[in-house]
1. Restricting to Cα pairs below 8 Å that are 6+ residues apart, what does the relative contact order work out to for region A:14-162? Please round to a whole percent.
2. If you find the alpha carbon centre of region A:154-231 and of region B:33-97, how far apart are they in angstrom?
3. Out of A:149, A:43, A:311, any idea which swings most in a Gaussian network model of chain A, alpha carbons joined below 10 Å?
4. Only loop residues by DSSP count here, and only those with at most 12 other Cβ atoms within 10 Å; note down the trypsin sites (Lys or Arg not before Pro) in region B:245-340 that meet that.
5. Per residue, how many Å² of accessible area does chain A show with a 1.4 Å probe?
6. Would you mind computing, in nm to one decimal, how far apart the modelled labels at residue B:319 and residue B:110 are, each placed 7 Å from Cα along Cα→Cβ?
7. Could you list the trypsin sites (Lys or Arg not before Pro) in region B:81-115 that lie in coil according to DSSP, counting only those with at most 11 other Cβ atoms within 10 Å of their Cβ?
8. Pop the C-beta distance of residue B:217 and residue A:60 into the FRET formula with R0 = 51 Å and round what comes out to the nearest 0.05.
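The values are calculated or read from the model by the stated rules, or taken from the named source; none is laboratory data. Note that the coordinates shown come from a computational prediction; the quantities given were computed from them, not determined experimentally. Every residue, glycine as well, gets a Cβ built from its backbone with ideal geometry; the counts of neighbours run over all protein chains shown. Keep in mind that these areas ignore ligands, DNA and RNA; they rest on the heavy atoms of the full protein, side chains included. Shrake-Rupley method; radii C 1.70, N 1.55, O 1.52, S 1.80 Å.
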There are 2 protein chains.
Amino acid sequence: MKLATLKNGSRDGALVIVSRDLSRCVSAASIAPTLQAALDNWDAVAPQLAALYEQLNAGAAAGAQPFDQAAAHSPLPRAYQWADGSAYINHVELVRRARNAEVPASFYTDPLMYQGGSDSFVGPRDNIYALTEDWGIDLEAEVAVVTGDVKMGATPDEAAQAIRLVMLVNDVSLRNLIPNELAKGFGFFNSKPASAFSPVAVTPDELGAAWMDNKVHLPLAVHLNGQPFGKPNAGEDMTFSFAQLVAHAAQTRELGAGTIIGSGTVSNKQGSLHGSSIANGGVGYCCLAEVRMYETIESGKPQTGFLKFGDTVRIEMNDAAGASIFGAIDQTVAHYRERG
Amino acid sequence: MKLATLKNGSRDGALVIVSRDLSRCVSAASIAPTLQAALDNWDAVAPQLAALYEQLNAGAAAGAQPFDQAAAHSPLPRAYQWADGSAYINHVELVRRARNAEVPASFYTDPLMYQGGSDSFVGPRDNIYALTEDWGIDLEAEVAVVTGDVKMGATPDEAAQAIRLVMLVNDVSLRNLIPNELAKGFGFFNSKPASAFSPVAVTPDELGAAWMDNKVHLPLAVHLNGQPFGKPNAGEDMTFSFAQLVAHAAQTRELGAGTIIGSGTVSNKQGSLHGSSIANGGVGYCCLAEVRMYETIESGKPQTGFLKFGDTVRIEMNDAAGASIFGAIDQTVAHYRERG
């Protein structure tokens, strides 16, 4: 089934069920008022939500209305946990090559993961706010899963059973703040402002055969200012599956229902800078930093700049038939003073 | 006023108001069902909570009952954000001295802060669970504040206005996992399992003159296995006030109501290993790592071990008259298989 959260002036929004083709939605208030409430009591409410989803797809749900992606908040407008892996090692390899460093062998067996801020996500069509372009604003297009409760020390198989929903993310990064912040040794904080998630979260079964080995085997389409920028396949070159990422997160602690675990920037292994861009037949990129790393490797320094106020970022994933699965993240970079 | 959350089988517990002397409590359900709900709508509900608090202290609150600290969960059993500073630079200086490294000058002007997991805190009297003692289980006794909404780029003065509540924390750390994890460059994750907070959270006015310059000027009492272990003054040697820590957290993003910001391990500047222990007239320590750093500085290697299954940790703060302000965190280390 497909779920979304409509903005309604509250902090957590209103849970709706969305039709498979994203055209219609219906309130789920009689079952669970918010997505977090549904996740808190998933075993009891999921069958009821699924039944209403079938009615909606059959055109038989009372009170159905058109689904407007622009009226949606992130499925969880705020969450109790957002932890982001870095499962596409190609991305890490490029970072290291750009500074002539080796990738430690452990990186291929022990996932990188950082704890992100989850108190106030922005909506999929909300602006990316910053106080200055000098922060080096970058997109990071990713896939993420939402889990139920996970016990401490869960195996990947047990972790896989706890995956409830899949969605897309724009994990905005402030590249110019990262070097100093990581040098302090405590990880990302100021360099990771609020993320945005796709208008719709879906249960893994909605992905059909594309959900295999706890990975999503479909291209992730990224547009910058209306131009194709990336289309790497999220199922390829993912060194750690979502089951492994969730299990990593649970190694020393329980995970509460509604935990969001991200894949890290999707990145496929490609050849040169020239051959990697979409214009030249490559699959492109899911963040500007990756282009800049190719540029650094080939010419000694980056040429492409980061995002400027007014730039737009669109992130979407279509099924084999070309239909949008999650709806589109579509954001404009803006100065925070415009927040009003 | 003083607030607590009683365990009631739900994920968020039930909000109660606690009398100043911690002896009685009364349900706040008619005003706000949970502490998060109260924080979400603080300006409207705080005056009502305060009125009920006055009735309770006057012995005039209908439905009042004895307050049992052991029945309390952490005030926020789960939160949308938990970010922990490291404001007591003495702690950082000792870490560096133990490995003959300098403290970077920027550490005195730019706070260290890490993003912690907030999806499932444990209660103040719940066990500290681990799968093995080999993780190097340590306590970290700290003070924390809970904020309202904070805008991006808030000044310390603006941040100070958003401080709603003060509480104590045991920020459990897995010391033997930290070196490898920090070497990966993404900060703490597996090395920081679930934290526990004091049974009671209080508004800053409850601290009277001890709340000054956005710091808590009182000793933090730590007992290990029933023996005094630490009593440093939380108002001394705090390089960054809570206003500065909150402002740091908000530099590049908004903070949502219910954000918890920690002080880091409380630590006062002292002389030698011998003179720093309580037995020898010092103020002792708020974590085992600190004793081990003194030992390393003086004898080349640590002698004191980390916590073992069965060990107990008690963290409390008394006012000038000797009365407990927040109630006591009192935890026993146990194997996770006992979780049941």
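1. On the way: 143 pairs, mean separation 30.4, N = 149.
Relative contact order, region A:14-162: 20 percent.
2. Taking the Cα centre of each part, region A:154-231 and region B:33-97 sit 33 Å apart.
3. A:43
4. Details: sites: B:253, B:269, B:292, B:308, B:314, B:337, B:339; in loops: B:253, B:269, B:308.
Listed in order of number, the matching sites are B:308.
5. Working: 12110 Å² over 340 residues.
The answer is 36 Å² per residue.
6. 4.1 nm
7. Details: sites: B:96, B:97, B:99; in loops: B:99.
Within region B:81-115, the qualifying trypsin sites (Lys or Arg not before Pro) (loop, at most 11 other Cβ atoms within 10 Å) are B:99.
8. Values: r = 66 Å, r/R0 = 1.29.
For residue B:217 and residue A:60, the calculated efficiency is 0.20.
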